[in-house]
Amino acid sequence: MSDNFNRRGQRNENSGGRNSRRNAQGRERNRKSQGRRDFSASVPSARRRVADPDRLVAFEVMQAVDNQDSYANLVLPQTIRKHRLDRRDAAFATELAYGTLRERGTYDAILSRCLDRPLEKTDPKILNALRLGAHQILGMRVPNHAALNQTVGLARGVIGAGPSTMVNAVLRRVSEKSREEWMDELTADLTDDIKRMSIEESHPVWIVRAFRQALAAHGRVPTEIQDLLAADNESPSVHLVALPGIGDLGEALDNDAVPGQLVEGSAVYSHGDLGRLESVRSGRVRAQDVGSQLVARALAGVGIEGSDQAWLDLCAGPGGKAALMGALAVERNAELVANESAKHRADLVSHALEPLPKSAFTVMTGDGRKIRENIMDADLPENIGLAVEAFGEDGDVFDRVMVDAPCSGLGALRRRPEARWRKKPGDVADLLPLQLELTQAAISVTRPGGVVAYVTCSPHPAETQNILLDVLDGGEVELLDTAAAVRSVALPGVLEGDADPGTAVPGVEPAEGQEAATTVQLWPHVHGTDAMFMALLRKK
Ligand SMILES: C[S@@+](CC[C@H](N)C(=O)[O-])C[C@H]1O[C@@H](n2cnc3c(N)ncnc32)[C@H](O)[C@@H]1O
């Protein structure tokens, strides 16, 4: 983490460069030359009447998330461009918007003690301005007077003079206590740990509860929950993968990336715009969570007997795992079929696979549940086509199949700052039938002895272990020692001891030739990855 960011990954406003609007002490520079004046925080009526551009960007992102259901990670870059922020101000706006969105739950609990009306009855624009102010005061090291002054200026500029007076009064009350004092006050009378953590770590109560169950279900200690929630509030590092045999990490490493600690061919990049790396622009090096890299490599690496030429990624969009699997397939003289139901996402898969030789892959657009019918009609690469003929009407042609199922995404909350507030408990239940049917469809096109990987970016027991048990009930597949397969593609020693991601599944016997029947659950607070689940299944 750079020196310019605090414990929560936010920038300290104390490292002003030559052109910065903040000086070396973190104070906003005087802007007389821009025709505006900065005033003392104690004179609200005389404060600036226009919104500071980086705070305005953060505010517009919050509004777009609320009013247009926008994704912050998509709308933020557009808004930064619209307001022509320089790199430094863009970084500040990013931390302000993302941090405020993530920690909204904590700030709302504090604001509800400072407002004289319920939050629901507060004008949403005023509420968003207050949240941004609270984050600057309690979550970033912006001096109180600057946070107040600038947020009042923002409110005055985008909402009006009346509301700005109220924003000033409320933020003054917020600034009267430190974050720790606020937490003590808010949680003093709470006997329920889940509610306490929900406020302290800014997650909805139902997600805290689900995570605690998930930790227990995947063999970890439920008391880890606080660390897990805290890890969700950190900005994730950018992990890179060099497509094996196609890309290399040299350029990234020359530009301050550092080698990844979990898996070979990976690096961690924390030095700004990835687009400046030609290897990334060309798609030969890709940004990909290292957990995704691990599961893709584990499926490619697990031992199978017999043919190994036809690989399938059943739910491939936008193509991250497909690109890595496809490159590994090329090295092994195998070919990849990448299927995706949404046309625009199938186009992204085609784009992700561009660096591969054209003859090495096929992209199909279709419902994965109908893959069996669809592959019989498809124009597949020659060796897969031959295999289809060999298996005749059955269509069970594939040696390795990835089912990276559509899921609640609860394991990647740190990537989508607003996601935790949008998701509902029903989202988990809604996807369960689809997850099961996709896995059954995958099994139906896998040849006996071939392997299916069931993967989710969620640790929720309903969409991980329960789906697995339903699949095993079908009697067509057996659970492999997934943890051993994952360890074998990780760097030596890193998934041992407390970092062992494996869990034995009660009542499930090891398959022939396997030490154990295990699943794998990765965690942000243990492995620095998304909370990704994997079960490797061998077709009988
Ligand atoms: C978790 S994402 C896959 C991520 C991808 N493997 C990667 O690494 O980039 C799940 C994908 O499944 C797709 N999907 C949803 N329903 C599907 C279906 N019935 N058949 C095939 N794909 C489906 C979604 O559009 C989404 O792109």
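The values are calculated or read from the model by the stated rules, or taken from the named source; none is laboratory data. Just so you know, these numbers come straight off a predicted model, no measurement behind them. Virtual Cβ from ideal backbone geometry, glycine too; neighbours counted across all protein chains shown.
General observations
- Taking (1) within 24 Å of H239 (Cα to Cα); (2) in contact with a Lys or Arg (Cβ under 7 Å, 6 or more places away or on another chain); (3) in the same structural domain as A531 (by TED's automatic domain parsing) in turn, L356 satisfies each apart from (2).
- Single condition R400 does not satisfy, out of (1) near the ligand (Cβ under 8 Å from one of its atoms); (2) among the basic types (K, R); (3) in contact with a strand residue (DSSP E or B) (Cβ under 9 Å, 6 or more places away or on another chain): (1)
- Hey, A287 surrounded by fewer than 16 Cβ atoms within 10 Å (Cβ to Cβ), within 16 Å of the ligand (Cβ to nearest atom) and small (G, A, S) or not: yes
- Just one of the listed residues (A346, A378, A338) is modelled with pLDDT under 95 and either surrounded by fewer than 21 Cβ atoms within 10 Å (Cβ to Cβ) or within 16 Å of the ligand (Cβ to nearest atom) (or both), namely A378.
- Every condition in (1) in contact with a helix residue (DSSP H, G or I) (Cβ under 6 Å, 6 or more places away or on another chain); (2) of a type outside the set (V, I, T); (3) within 30 Å of V508 (Cα to Cα) holds for P417 except the one numbered (3).
- Residues being under 17 Å from L537 (Cβ atoms) and surrounded by fewer than 24 Cβ atoms within 10 Å (Cβ to Cβ) - total across the stretch 301-314: 7
- Elements of the type helices (runs of 4 or more DSSP H) sitting completely within the stretch 137-190 and holding at least 2 residues that are free of Cβ contacts under 8 Å to residues at least 24 places away in the same chain: these cover 161-175, 179-187.
- Among residues of the stretch 73-102 that are surrounded by 22 or more Cβ atoms within 10 Å (Cβ to Cβ), those with a Cβ under 7 angstrom from a residue that is assigned to a helix (DSSP H, G or I) and among the polar types (S, T, N, Q), sequence gap 6+ or separate chain, pair up as L76/T94; L96/Q136.
- Residue in the stretch 413-427 that is over 19 Å from the mean Cα position of the chain (by Cα) and either away from the ligand (no atom under 16 Å from the Cβ) or touching a residue at least 40 places away in the same chain (Cβ under 8 Å) (or both) present: yes
- Strands (runs of 3 or more DSSP E) fully within the stretch 491-540 that include at least 2 residues being over 26 Å from the mean Cα position of the chain (by Cα): 533-539.
- When each of S164, S198, S178, S202 is tested for being of a type in the set (S, T, Y) and loosely packed, with under 14 Cβ neighbours inside 10 Å, the lone residue that passes is S178.
For (1) assigned to a helix (DSSP H, G or I); (2) in the same structural domain as A64 (by TED's automatic domain parsing); (3) modelled with pLDDT under 95; (4) within 23 Å of D52 (Cβ to Cβ), each residue gets a yes or a no:
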position	(1), (2), (3), (4)
T79	yes, yes, no, yes
R88	yes, yes, yes, yes
T100	yes, yes, no, yes
Y107	yes, yes, no, yes
I110	yes, yes, no, yes
R117	no, yes, yes, no
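- Condition check for K358: away from the ligand (no atom under 11 Å from the Cβ), surrounded by fewer than 21 Cβ atoms within 10 Å (Cβ to Cβ) and closer than 24 Å to Q465 by Cβ: no
Rundown of residues vs (1) more than 12 Å from the ligand (Cβ to nearest atom); (2) crowded, with 24+ Cβ neighbours inside 10 Å; (3) not charged (D, E, K, R), yes/no style:
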| site | (1), (2), (3) |
| --- | --- |
| V445 | yes, yes, yes |
| G450 | yes, yes, yes |
| C457 | no, yes, yes |
| E478 | yes, no, no |
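- None of V221, V208, V280 is of a type in the set (A, V, I, L, M, F, W, C), surrounded by fewer than 18 Cβ atoms within 10 Å (Cβ to Cβ), over 24 Å from P381 (Cβ atoms) and not assigned by TED's automatic domain parsing to the domain that holds L336 except V221.
- Scanning the stretch 366-375 for residues that are farther than 10 Å from L438 by Cβ and near the ligand (Cβ under 9 Å from one of its atoms) yields G366, K370.
- Only one entry of V505, V477, V489, V520 meets the criterion of being touching a strand residue (DSSP E or B) at 6+ places or on another chain (Cβ under 7 Å), touching a residue at least 60 places away in the same chain (Cβ under 8 Å) and within 29 Å of R420 (Cβ to Cβ), and that entry is V520.
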